[in-house]
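Right, one structure below, let's go through it.
What follows draws every value from the coordinates through simple rules; no lab data is involved. In this text, all values refer to a predicted model and were calculated from it rather than measured experimentally. When we count neighbours, we look across all protein chains shown, and the Cβ atoms used for this are built from the backbone with ideal geometry, even at glycine.
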Amino acid sequence: MPKRLASSLSDEVLEHVFSFIQSEKDRNVVSAVCKSWYEIERWCRRKIFVGNCYAVSPEMVIRRFPQVRSIELKGKPHFADFNLVPDGWGGYVLPWITEMAGAYPWLDEIRLKRMVVTDESLELIAKSFKDFKVLVLASCEGFSTDGLAAIAASCKNLRELDLRESEVDDSSVHWLSHFPETYTSMVSLNISCLGSGEVSFSALERLVSRCPNLRSLKLNRAVPLDKTANILRLAPQLVEFSACTYSAELRSDVFSNLAGAFSNCKELRSLSGFWDVVPDYLPAIYSVCSRLTSLNLSYATILSPDLIKLVSHCPSLQRLLVLDYIEDSGLEALASNCKDLQELRVFPSDPFDAEPNASLTEQGLVAVSLGCPKLQSVLYFCRRMSNAALVTIAQNRPNLNRFRLCIIEPNTADYLTGEPFDVGFGAIVEHCKDLIRLSLSGLLTDCVFEYIGKYAKKLEMLSVAFAGDSDLGLHHVLSGCESLRKLEIRDCPFGDKALLTNAAKLETMQSLWMSSCSVSFEACKLLSQKMPRLNVEVIDERGPPDSRPENCTVDKLYIYRSVAGPRFDMPPFVWTKDEDLALRLSP
Amino acid sequence: MEGGLVLLGGGANGGGSGGSSGFSTNESAMSEASSYPAETELELGLGLSIGGPTGKINKASGRILTAKDFPVPRRASMNGGTPPSVTVSGTKRAADQSVPHDSGSPTATSQVVGWPPIRSYRMNSLVNNNQAKAPRAEEEHKGINEEEEEDKAIKDGSKLKKPNENLGHIGFIKVNMDGIRIGRKVNLNAHSSYHSLASALDNMFLRSAGAEKQQLTMPSKLLDGSSEFVLTYEDKEGDWMLVGDVPWMMFLTSVRRLRIMKTSEANGLAPRFHERNRTQRSKLI
């Protein structure tokens, strides 16, 4: 008897202790200690993250974790962002919602990325989860404003509705008006992806005025300037705001109204949007600039002089997204003004023109790496680079943890020496010991992969395009990068040998994507046979891979580990070793 | 199989097994299936077939095309493991390597699917920005008239691009078909004519994958009014029009999205020939 009491007390104590452990990784470690800890932990796990929705089935998740309140799911592979994954590939959320509707009545948070969400799924969410609070649909598609109307109408405690970069079909329903007049709980609303027809401005104003806890508001593009000022005056407590279309010419009354509205917003820390902004209006935001930590100007066609002026008003900036209009001179100004900068993303204003339309080179990045001691995360599009610059950047900033460089023209060499960038990226991985994400570009041989395999021990995600000479390159990465989770490759001469030799490695990773490489269908079948816990999916719209000559290479290959076995929702253009040809060809 | 490691240690001796040979076999198979044999001959005649099967461009497979499909000799080493000494046009390479062919440097990047890696959300925003800008001074290329372009457009996408620099940005647009829940996206950059586009759509929607090859050479019924479906598009002003009335180039600059509509429902649309009934703004979706 005393024994049982002791053990039940310690269960409660353990559960209480576990409640302080929030990180997924730590929770997983805790559950592996012993059987009783596994049991206790699984009953009190509240938050689940599934990086690949096909790695596990909803039934399995529910069986192990019966009391989940918050779930995050990701569907399509990353390269789907660049149209490399055909429509209809998969990533449907409905099976998950259906299962969870029954099992998790208290589910209150759903976060999805790159998934296909239908109106039916949204209606099911609205109906099934009484206390639903958070819906984040990042880069999702398949739903319309009908589904949003259902959410608005039923979710009385909704706090967060974030549709970032999703594709929403317009069903002509005034969905915003479906929030009842009694609804006041909105904290974060992001509808920047919606078109003008899909948002009724008066409904939006009424909503904003009755939600006193609103902290983050990202409006859609077509809201005119005077309306912007009105909204801001209704919500001076905002911390994050996405501003909208600026009118064509400066009108002093509109300007002062806007400037006044911004000056009321003492809590504002993050600004974005700025589509079609006219530089004359920029001073309207100067009153908030000194407190800004995040600024996204990557949709704004503002040129370098105005950008420099703006940036010089923002000494607290930690995160800047901008177009290459900022130029090297602007980045130098950034480097001298913004000593707290942690993240920089520079996008190309005209990616398809071989001639640069802005004077942005490797020098800008070098300047920032020198001037900003806290810089950790870089995404940089440019047209020329040198190994010397990369080495300098690596030496200046060994604290980099995300480095994504895109030299726009494939196979571009070092403009000073004509060499490949093996040495430059080698320096990056050698000096930046905490690097977890890396994207390569430019002319690269197998050597760079040797460096990566040797030094990039903490690397979790690697993106490779138009690089390497042979299977050795791939082999170096697969055999050397101990922490590798996601590897995505396109247009590289990597083939069967490296893949089959490193088959076991693939099970330690989340996924591998290879498109326009040199892998044969035979090798895919062999790999699939050898590794039953890998799903080896060939994406090929040309027809059955079997029907082509034996050594023909597959178009695209997506390999991921899974405990759920092969999926049942594969479209006709996805082929696995088990495909039944007769079933395929019948309509 | 583990013995493969020894080979790898010995140095780069080629890409995937059978990559090169497999590739050329594939190429000939694709050439047979091409519905544009004339263009194929043109391309081969100009010696542009290095590194990629050139016959694929007009093959109406709905397949997402990659750098391999375009006659720019990119990386031959992609499939053969040869060292990167093959010059690629538009590449800023060292002086010791010559540029053998001049299809125009701006083409290379705009023709590769998914490169540079910019999300479509951002890409659409760039399109809007660039359309608002004044056209840059590329006057020297504007002399090419439209007919010439349609003939040559397949093998030399640069000329496709120059008269309207926005063309390089159009890329993927949505296509929906009545009765089918899931829409698709089609890459307009990959097509140089209505025929090519309609064949691709036929393949995407009206046939299952694994289509018989002979159907690829038949002209699409979508354009001639003989099928129960008709191809329509929404233009920049939000009007729905029948596809095929305006020159291909003009179509490219104004199309926003496509819809394969049942012929019976298409009554309210602008008539096929000459007359435009712009007062009809029927919201068909």
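Things worth noting here:
- Phi-derived couplings, Karplus 6.51 cos²θ - 1.76 cosθ + 1.60 at θ = phi - 60°, listed residue by residue for the range A:529-535: 5, 6, 10, x, 9, 10, 9 Hz, with x used for Gly and Pro.
- A helix-only calculation puts chain A at -9500 deg cm²/dmol for mean residue ellipticity at 222 nm, using -39500 (n - 2.57) for each DSSP H run of at least four residues, averaged over all residues.
- Counting neighbouring beta carbons within 10 Å and listing from fewest to most, the residues A:Glu41, A:Glu482, A:Glu332 come out as A:Glu482, A:Glu332, A:Glu41.
- If you count Lys pairs in the range A:1-117 whose Cα atoms are under 25 Å apart, skipping same-chain pairs closer than 8 places in sequence, the total is 12.
- Residue exposure proxy: A:Tyr281, A:Tyr183, ordered by other Cβ atoms within 10 angstrom of their Cβ from fewest to most, comes out as A:Tyr183, A:Tyr281.
- The Kirkwood radius of chain A, taken over pairs of alpha-carbon atoms, gives through the Stokes-Einstein law at 25 °C and 0.890 mPa s a diffusion coefficient of 93 µm² s⁻¹.
- Number of partner chain Cβ atoms within 10 Å, mean per residue of A:552-558: 4
- Taking 30 Å as the limit for the C-alpha separation, the pairs A:Lys458/A:Lys497; A:Lys218/B:Lys262; A:Lys433/B:Lys185; A:Lys127/A:Lys218; A:Lys133/A:Lys457 exceed it in the case of A:Lys218/B:Lys262; A:Lys433/B:Lys185; A:Lys133/A:Lys457.
- Residues A:Asp324, A:Asp446, sorted so that the one with the fewest Cβ neighbours within 10 Å comes first: A:Asp446, A:Asp324
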